[in-house]
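Working notes, beginning with the structure itself.
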Amino acid sequence: MPHIVGDRVYLREYLLSDVETLYQWRTLDEIVWWTGSYVWPESLEQARAFVEAQVNNVDPANRKFAICRREDDKYLGHIGYEYLDLRRQNTEVGIVIGDVTSLSKGLGEESLRLFLKVCFEELNLHRVGLRVIRPNKRGYRCYRKCGFKEEGALRDWHYSRGQWHDLILMGILRDEYMAASQA
């Protein structure tokens, strides 16, 4: 069932059997804290509605795919596009590794590189952007490794743990991606 296969991970469509795992990691503070653009935690019913919307492709411009580990098919998180605009050839990408034991192992980076390949080489996009809260150093490093450049910030955009945090806007252009992939 994998659609996009890497060395250690693959990306696939969501399955209804993913609901329980999704709900479990979407209620963990150590995961939710870093995802400044999402409103979490969610109820089990909300998690089910999210997965059903993905399975049924309810909003093709906002589509997520499951990230799974190849060695055991374990569902680790998701990656997908938000606000896909084929006419203007751009999108925003969102990624979450929800399995705490899989953090800081390069699986998010591999997943993002696979997804960028689809965005630029199959969808023929010109630009892919993303948003990350400033304290998410792990995510920021991953995005930089994948070629994203900081484009600006929304000051004091996210309130969490008793303080305000900036939201960093990042992007990568097709020619930047192509140059890096040929190096």
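The values are calculated or read from the model by the stated rules, or taken from the named source; none is laboratory data. What you see is a predicted model, and the numbers here were worked out from it, not measured in a lab. Cβ: placed from backbone, ideal geometry, glycine included. Neighbour counts: every protein chain shown.
Here are the numbers for the structure shown:
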item: Residues being small (Gly, Ala, Ser), touching a Lys or Arg at 6+ places or on another chain (Cβ under 8 Å) and more than 19 Å from residue 58 (Cβ to Cβ) - total across the range 76-102; result: 2
item: One residue from 25, 40 being at pLDDT below 70, within 15 Å of residue 98 (Cβ to Cβ) and either touching a His at 6+ places or on another chain (Cβ under 6 Å) or not in a strand (DSSP E or B) (or both); result: 40
item: In the range 62-106, the residues that are farther than 19 Å from residue 42 by Cα, surrounded by 19 or more Cβ atoms within 10 Å (Cβ to Cβ) and aliphatic (A, V, I, L, M); result: 67, 84, 93
item: Residues (in contact (Cβ under 8 Å) with a residue 60 or more places away in the chain and under 25 Å from residue 120 (Cα atoms)) located in the range 50-88; result: 65, 68, 69, 70, 76, 78, 79
item: Residue in the range 142-156 that is out of contact with any His (no Cβ under 7 Å at 6 or more places or on another chain) and among the aliphatic types (A, V, I, L, M) present; result: yes
item: In the range 124-139, residue surrounded by the fewest Cβ atoms within 10 Å (Cβ to Cβ) [restricted to those that are at pLDDT 95 or above and not basic (Lys, Arg)]; result: 124
